[in-house]
Amino acid sequence: MSEGRHQQSPMDAEHRVPRRNGGGVRCAPTAGSGSRRPRASLLVALIAAVVSFRHMHELALLHGEDPLAAALLPATVGGTIVAASMSLLPATRYGSRGGLLP
């Protein structure tokens, strides 16, 4: 290797493409890898939702709730979390800060 030059291994050159972004160097994903991340995230979210639903449903049944209420309870908890997240997302994007809770 000559002095003053950094030689990348063929694997580095093949799998990562350096690009300049805001003064730092970041590695861009290779073609095709971008579609795997959202699918993997959705899979993990789906598994977490199923496990969470089953846990809350069984817990509600064990504590004497009727089957309909036990089935609706996880949906209301999940819906509350989604609604809160969706209201925080625009506030975060536009830089507003939350106020004091009552």
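Quick notes on this one:
- In segment 19-58, of all residues being β-branched (Val, Ile, Thr) and modelled with pLDDT under 90, the one that is nearest to VAL82 (Cα to Cα) corresponds to THR30.
- Options ALA60, ALA75, ALA49, ALA91; residue that is assigned to a helix (DSSP H, G or I) and surrounded by 13 or more Cβ atoms within 10 Å (Cβ to Cβ): ALA60
The values are calculated or read from the model by the stated rules, or taken from the named source; none is laboratory data. This one's a predicted model, so the numbers in the text were calculated from it and none came from an experiment. Methodologically, a virtual Cβ is constructed for each residue, glycine included, from the backbone with ideal geometry; neighbour enumeration extends over all protein chains shown.
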